[in-house]
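This report refers to the structure that appears directly beneath it.
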Amino acid sequence: MTGETIVTVTGNLVADPEIRFTEQGTPVARFRVASTPRVYDRRNGQWTDGEPLFITCTVWRHVAEHVCESLQRGMHVIVQGRLRQRTYADHEGIRRTVFDLDADDVGLSLRHRIAYTDSALPSALARPPAPAPPPAVQGAPGHERQPRPQRHGGWARVR
């Protein structure tokens, strides 16, 4: 939408996402992301942690269910959505302003790790079926040799 502030935040989940349901049964999940910039200090030649940003993210409907089933505390995530500002009075009557993120998309960051999925892959990307074990090459009794696997197309194949 026009005029909305779209931001992308990368960081670590502070806690496991929590899911709730509205009176109409719509799932909504909330989670917090901590994003800490790394700053290079030229005086001492070292990287140091900057001031951390903690932002509460809200995600709705099927994405909320996917987030709760897929993510957990400590995972490095990428969140994109609309930045929202809200003002409230705390228990002492002081007005506070906070920023939240209404997330449209959430995913794992692959910068530091590999992600595995158990969903079906498209046939073009599917792993080829494991070949049947090759017959042993004749040799001295008890010393049968197995042919060496050859690397081909990213998968080990036995000729």
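Say we look at region 34-57 and pick out the residues that are assigned to a strand (DSSP E or B) and either small (G, A, S) or touching a residue at least 60 places away in the same chain (Cβ under 8 Å) (or both); which of these is surrounded by the fewest Cβ atoms within 10 Å (Cβ to Cβ)? Across region 34-57, the extreme among qualifying residues is A34.
Condition check ((1) under 24 Å from R113 (Cβ atoms); (2) of a type in the set (S, T, N, Q); (3) modelled with pLDDT of 90 or more) across all residues:
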position	(1), (2), (3)
T8	yes, yes, yes
V14	yes, no, yes
E18	yes, no, yes
F21	no, no, yes
F31	yes, no, yes
S35	yes, yes, yes
A64	yes, no, yes
G74	yes, no, yes
R96	no, no, yes
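Look through region 102-116, keep the residues that are part of a strand (DSSP E or B) and touching a Ser or Thr at 6+ places or on another chain (Cβ under 7 Å), and return whichever of them is surrounded by the fewest Cβ atoms within 10 Å (Cβ to Cβ). Once the filter is applied, the top-ranked residue is D102. Of all the listed residues (R157, R84, R151), the sole one being modelled with pLDDT under 60, surrounded by 11 or more Cβ atoms within 10 Å (Cβ to Cβ) and in a strand (DSSP E or B) is R157.
The values are calculated or read from the model by the stated rules, or taken from the named source; none is laboratory data. Just so it is clear, the model here is predicted, and its values are computed rather than measured. We place every Cβ from the backbone using ideal geometry, glycine too, and count neighbours over all the protein chains shown.
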